[in-house]
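What follows is a set of notes on a single structure, which appears directly below.
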Amino acid sequence: MTRFLLLAMLLITGCAQLPPLPEDAVAKRFEPRSDRAVIYLARNVVEPTFIAPVMLDDLMIGSTYSGTYMRIEVPAGTHIFRGMAGDSGSIKITVAAGQIYYLQHRAYGHRTFVSSSFDQVDPGQGRLLVTRGQLSAIISL
């Protein structure tokens, strides 16, 4: 009986969601920056659980996971988001300082191979993705 209870407790705690980062509430204020553009890169909660590494302008910025988002602050201009290695997903986006942009990142695959797509979405849909998600990183370039 003790083994059963211990196993049950381990399974329950193993499925528990991690608490949000303290910066999550700040990022969800959707505040622009006057000197930079802000890009939210989000994955839907109902996405497959694949880990999808992301590059921005040839710099590895991290990975997205199901139900997570990144707040990325970049200089005005044209930027390219893309997957890594065999992942050919990419998007080129031109941004202006003081503005906020929303990108949805989708990941597809079979076992370990991941291919992804990036789509710019309207602010309403983008805010919804971010609000439902959990912050994974704040990046300022």
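Right, residue 116: closer than 17 Å to residue 42 by Cα and in contact with an Asp or Glu (Cβ under 8 Å, 6 or more places away or on another chain) or not?
yes
Evaluate the following for residue 70: is it of a type outside the set (S, T, N, Q), under 16 Å from residue 136 (Cβ atoms), open to solvent by less than 20 Å² (accessible area, probe 1.4 Å) and in a strand (DSSP E or B)?
Numbers: of a type outside the set (S, T, N, Q): yes; under 16 Å from residue 136 (Cβ atoms): yes; open to solvent by less than 20 Å² (accessible area, probe 1.4 Å): yes; in a strand (DSSP E or B): yes.
In short, yes.
List the pairs whose first member sits in the stretch 55-77 and is closer than 11 Å to residue 42 by Cα, whose second member is open to solvent by 20 Å² or more (accessible area, probe 1.4 Å) and of a type in the set (D, E, K, R), and whose Cβ atoms are under 6 Å apart, counting only residues at least 6 apart or on separate chains?
Listed by first residue and then by second, the contacts come to 66/47.
Quick one: residue 81 ticks every box in (1) free of Cβ contacts under 8 Å to residues at least 60 places away in the same chain; (2) under 15 Å from the mean Cα position of the chain (by Cα); (3) more than 18 Å from residue 38 (Cβ to Cβ) except a single one, so which number is it?
Of everything listed in (1) free of Cβ contacts under 8 Å to residues at least 60 places away in the same chain; (2) under 15 Å from the mean Cα position of the chain (by Cα); (3) more than 18 Å from residue 38 (Cβ to Cβ), residue 81 misses just condition (3).
So, in the stretch 45-67, how many residues would count as being open to solvent by less than 40 Å² (accessible area, probe 1.4 Å), out of contact with any His (no Cβ under 8 Å at 6 or more places or on another chain) and over 22 Å from residue 110 (Cα atoms)?
1
Quick test of your reading of the structure: residue 96 fulfils all but one of (1) at pLDDT below 95; (2) within 22 Å of residue 130 (Cβ to Cβ). Name the failing condition by number.
Among (1) at pLDDT below 95; (2) within 22 Å of residue 130 (Cβ to Cβ), the lone unmet condition for residue 96 is (1).
Among the residues of the stretch 30-46, write down those that are farther than 14 Å from residue 70 by Cα and among the small types (Gly, Ala, Ser).
34
Do you know which residues across the stretch 87-141 are surrounded by fewer than 17 Cβ atoms within 10 Å (Cβ to Cβ), among the basic types (Lys, Arg) and within 14 Å of residue 39 (Cβ to Cβ)?
Listed by number, the list holds a single entry, 92.
The values are calculated or read from the model by the stated rules, or taken from the named source; none is laboratory data. Computed from a prediction, not measured in an experiment: that's the story for all the values here. Note that we place each Cβ from the backbone using ideal geometry, even for glycine, and neighbour counts take in every protein chain shown. Keep in mind that these areas ignore ligands, DNA and RNA; they rest on the heavy atoms of the full protein, side chains included. Shrake-Rupley method; radii C 1.70, N 1.55, O 1.52, S 1.80 Å.
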